[in-house]
1. State whether one or more residues within the range 95-104 are open to solvent by less than 40 Å² (accessible area, probe 1.4 Å), among the small types (Gly, Ala, Ser) and touching a helix residue (DSSP H, G or I) at 6+ places or on another chain (Cβ under 9 Å).
2. Here are some conditions: (1) assigned to a helix (DSSP H, G or I); (2) touching a residue at least 12 places away in the same chain (Cβ under 8 Å); (3) under 26 Å from the mean Cα position of the chain (by Cα). Residue 54 meets all but one. Which one does it not meet?
3. I'd like the full set of residues that are under 19 Å from the mean Cα position of the chain (by Cα), over 20 Å from residue 37 (Cβ atoms) and either aliphatic (A, V, I, L, M) or outside any loop (DSSP other than H, G, I, E, B) (or both), limited to the range 77-109.
4. Using beta carbons and a limit of 9 Å, which pairs, at least six apart or on different chains, have the first residue in the range 108-120 and touching a residue at least 24 places away in the same chain (Cβ under 8 Å) and the second one in a helix (DSSP H, G or I) and among the polar types (S, T, N, Q)?
5. Run residue 29 past the list (1) open to solvent by 20 Å² or more (accessible area, probe 1.4 Å); (2) closer than 30 Å to residue 178 by Cβ and report the number of the one that doesn't hold.
6. Among the residues that make up the range 110-130, is at least one of them on the phi > 0 side of the Ramachandran plot and part of a loop (DSSP other than H, G, I, E, B)?
7. When the range 168-191 is examined, which residues are found to be among the charged types (D, E, K, R) and either in contact (Cβ under 8 Å) with a residue 60 or more places away in the chain or under 18 Å from residue 101 (Cβ atoms) (or both)?
8. Quick one: in the range 130-158, of everything that is of a type in the set (Lys, Arg) and farther than 21 Å from residue 182 by Cβ, which residue is surrounded by the most Cβ atoms within 10 Å (Cβ to Cβ)?
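The values are calculated or read from the model by the stated rules, or taken from the named source; none is laboratory data. Because the structure is a prediction, the values reported are computed rather than measured. Because the Cβ atoms are built from the backbone with ideal geometry, glycine has one as well, and the counts that use them run over all protein chains shown. Please note that ligands, DNA and RNA were not included when accessible areas were found on the heavy atoms of the full protein model with its side chains. Shrake-Rupley method; radii C 1.70, N 1.55, O 1.52, S 1.80 Å.
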Amino acid sequence: MLKNTLQWRKEFKIDSILDEDLGSDPNSVAYMNGVDREGHPVCYNIYGVFQNEELYQKTFGTEEKHNQFLRWRFQLMEEGIQKLDFKQGGVSSILQITDIKNSPGPSKKELRIATKQAVGLLQDNYPGFVARNIFINVPFWYYAINAVLSPFLTHRTKSKFVFARSSKVAETLLKYIPAENIPIQFGGLKREIDYEFSVEDGIVSELLVKNRGKETVETPVPEIGSTAIWDLTVLGWEVSYKNRDGGLTLITRPVNPVDPSSSFPCLKNSAHKSPILIFLFFYKAIRSELNGLYRAAMAFITHQEATK
């Protein structure tokens, strides 16, 4: 394998690929952003951008463009490797996240072929460089595509795959990446341009609020005249808060579920309602209550119709 990889690197001139200008168009397709809880650099792959037909044709319209896209993808992999530390105890692999939301799907032949080629070449020539592959916003049709690609993947590669449907994106990513390093569009707190918070502010605090429970967060103010700024996001359900004795009282309200995949899951300094970073895994616990409420509502409507 090593001999084949060295031959491939020589033929594709991989050792000088970082010096090439392959254009900026693919930068919206894949990019490096932050690190996970173990220090692995995180690479995001956003297939939804190929809904744009103009970008799709610029990327796959000809065989030359197709090959340039593959070359750009290898360039990005080499850039990620530059962030690794191969010393003993260092981080020597990358976390890959692939967002399938709004992806054109299997009808786009060129994308399907390019994906298969890229996966195969990356697996053969960069073994062990990927710590985990997380696929988010996974639609049903993607499982069929994965079944087709699966025979061409090694058992070790497949063991690193994690799949998350739209409702589980934030919950899944938070298992591997701290909230402050997850982009806001995926349910985290990281904004591309943030003038109020940075990594120097430390890690984000995580609070568990039980169903119908109440928690108080104390925010110390160092001196009179200081301005306190907070940033809160929700995972799973909406909560409300109000100022009381210099803190925030948090009350869970198991209604109006918040979509964690929304592009705007965070609110700042809201006067009445705001999300907060919480872990509410009580969906099954309230299922019977929801069923009871539904039956009561249906009985009420039926009664109203009968009395008209």
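1. Step one: filter the range 95-104 for residues open to solvent by less than 40 Å² (accessible area, probe 1.4 Å), giving 95-100, 103-104.
Now narrow it down to the ones that are among the small types (Gly, Ala, Ser): 103.
Retained after the next criterion (residues that are touching a helix residue (DSSP H, G or I) at 6+ places or on another chain (Cβ under 9 Å)): 103.
Yes, that holds for at least one residue.
2. (2)
3. Within the range 77-109, 77, 100 qualify.
4. From residues that are touching a residue at least 24 places away in the same chain (Cβ under 8 Å), the pairs are 110/59; 111/59; 114/59; 119/157.
5. Going through the list (1) open to solvent by 20 Å² or more (accessible area, probe 1.4 Å); (2) closer than 30 Å to residue 178 by Cβ, residue 29 breaks only (1).
6. Residues of the range 110-130 that are on the phi > 0 side of the Ramachandran plot, as a first pass: 128.
This time we only want the ones that are part of a loop (DSSP other than H, G, I, E, B), so: 128.
Scanning the range 110-130 turns up at least one residue that is on the phi > 0 side of the Ramachandran plot and part of a loop (DSSP other than H, G, I, E, B).
7. Just the residues of the range 168-191 that are among the charged types (D, E, K, R), to begin with: 168, 171, 175, 180, 190-191.
Scanning the range 168-191 gives 168, 171, 190.
8. Here is the first cut: in the range 130-158, the ones of a type in the set (Lys, Arg) are 132, 156, 158.
Going one step further and asking which of them are farther than 21 Å from residue 182 by Cβ, we end up with 156, 158.
Details: 156: 10, 158: 12.
In this case the residue turns out to be 158.
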